[in-house]
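Below is one structure, written out as structure tokens, with a few remarks after it.
Every number here is computed from the coordinates shown, using simple stated rules; none is lab data. Model, not experiment: these values are computed from the prediction. Quick reminder, even Gly has a Cβ in these numbers, built from the backbone with ideal geometry, and neighbours come from all protein chains shown.
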Amino acid sequence: MSTKLDLKKVRSQLMAGRKELLAKLEEKDRDARGENPGRGDLAYDYTNRDRVTALRSVEEQTLEQIDAALERLDAGTYGICSHCGKPINEERMEALPYATLCMECTNQQA
């Protein structure tokens, strides 16, 4: 990777995001099992089930993207576009640390 990103900082940010997502997913699991005190309103639970399921899906996908970014860090391919092989812009990597495509390739796929 030819950008000047601090890879230790990137790893730390990815790990913090991973930890936060795992905590959110665990909380959703407790809610789904009815283990969260104070959540006795079944009508509320049923009403929000689809919303919670959709949010959980997004969080699981983000967790997978973070794990893949950590693997790319280990492999030395972090910050390299998976489509064209060029370095991904540093600002993009700072904004979306698990990005796999440069902006040009992202725009081509849109």
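Before moving on, here are some points about what is shown:
- Computed from phi, the 3J(HN,Hα) profile of segment 51-59 under the Karplus parametrisation 6.51, -1.76, 1.60 (θ = phi - 60°) reads 4, 5, 4, 5, 5, 4, 4, 5, 5 Hz, with x in place of Gly and Pro.
- Counted charge near Asp67, where neighbours are those whose Cβ lies closer than 15 Å (Asp, Glu -1; Lys, Arg +1): -2
- In order through segment 79-86: 3J(HN,Hα) via Karplus (6.51 cos²θ - 1.76 cosθ + 1.60), integer Hz, x for Gly, Pro: x, 9, 4, 6, 9, 9, x, 8
- In this structure the amide hydrogen of Ile80, modeled in the peptide plane, comes within under 5 Å of the amide hydrogens of Ile88, none closer than 5 places in sequence on its chain.
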